[in-house]
Amino acid sequence: NNDFIYVTSKIASLMFLKGQTDRAVRTQALVVRVSERVFGIDHFNTAFSIIELSNYIFETRKFEQSIALHSLAVLVFDLVGGPLNPSSLLCLQEMHLLFAQTKKLGPSADAMEELLRRNERIFGETDEHLLFLLGKLAAMKGDLGDFKEASILQARKSLILKRLLLNSSAQNDDYARKIIDEKITDSEY
């Protein structure tokens, strides 16, 4: 039942905090199995228990297994709440970080691209919320040697910054305008 799942998950968390990572992994694996039976595979609670297991496994340096569990959790979150729910977006962001930790720039960039696509659907293709993702993805594409794609992403970022400058009430303030102009110029290079 729900109480058993909650309490057992907390016990696994305490084991993890005490440095008993292997016991925490085994206990959290039990939580995942029970969650699948109680809630079904297509439930938010099951996906969250999978994420917790993935995080414990990551600490044991089994990166591939951790990434596979995060991928499963994204699928479950997408199934339950659609691709634009906050849990899917957060899980994709964590996957990007997992790939980056393992120095797998290609898959890390793929996760970041999917995160950008989903955020574009939420905010629109020219919204200021995309600035960080565009800059980060452009840098990753540059590291991968895809300079054409990196320059396109940087140009999109520059366009958003220019639009913000034009719509900004700070354009009357010379100092603020100078700072914004410098940021636009920096983003173009």
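Things to note:
- Per-residue Karplus couplings for segment 148-161, computed as 6.51 cos²θ - 1.76 cosθ + 1.60 with θ equal to phi - 60°, are listed in order as 5, 5, 4, 5, 5, 5, 5, 5, 4, 4, 4, 4, 5, 4 Hz, Gly and Pro entered as x.
- Each stretch of four or more DSSP H residues adds -39500 (n - 2.57); spread over every residue of the chain, this sum gives -27500 deg cm²/dmol at 222 nm.
- Residues His129 and Ala29, FRET efficiency given R0 of 45 Å [Cβ-Cβ distance, rounded to 0.05]: 0.75
- Folded to 0 to 90 degrees: helix 105-123 orientation relative to the chain principal axis, Cα: 70 degrees
- Cross-link pairs beyond the 18 Å C-alpha cut-off, checked among Lys18/Lys103; Lys162/Lys183; Lys104/Lys183; Lys62/Lys104; Lys157/Lys183; Lys103/Lys183: Lys18/Lys103; Lys104/Lys183; Lys103/Lys183
- The long axis of helix 174-188 is offset from the longest Cα principal axis of the chain by roughly 70 degrees.
- Portion, in percent, of the accessible area of segment 32-86 that falls on carbon or sulfur, probe 1.4 Å: 58 percent
- For segment 36-167, the dipole from Cβ point charges (+1 on Lys and Arg, -1 on Asp and Glu) about the Cα centre works out to 400 debye, to the nearest 20.
- Packing-based ranking, highest mean first, of 141-151, 55-65, 20-30 given that Cβ atoms within 10 Å are counted: 20-30, 55-65, 141-151
- Oblate is the label for segment 109-163, because a/c, from the alpha-carbon gyration tensor with a ≥ b ≥ c as root eigenvalues, is 1.5 or above and a/b does not exceed b/c.
- Three-way shape label, segment 63-147, alpha-carbon gyration tensor, a/c 1.5: oblate
- In summary, the convex hull built on the alpha carbon positions of segment 1-102 has an orientation-averaged projected area of 5.9 nm².
- When the alpha carbon gyration tensor of the chain is reduced to an equivalent ellipsoid, the three semi-axes, largest first, read 40, 18, 15 Å.
- Over segment 43-189, relative contact order from alpha-carbon pairs under 8 Å, at least 6 apart, %: 14 percent
- Accessible area in square angstrom per residue, the chain, 1.4 angstrom probe: 58 Å²
The values are calculated or read from the model by the stated rules, or taken from the named source; none is laboratory data. Here the structure is a predicted model, which is why all the values come from computation and not from measurement. Backbone-built Cβ (ideal geometry, glycine too); neighbour counts: all protein chains shown. Keep in mind that these areas ignore ligands, DNA and RNA; they rest on the heavy atoms of the full protein, side chains included. Shrake-Rupley method; radii C 1.70, N 1.55, O 1.52, S 1.80 Å.
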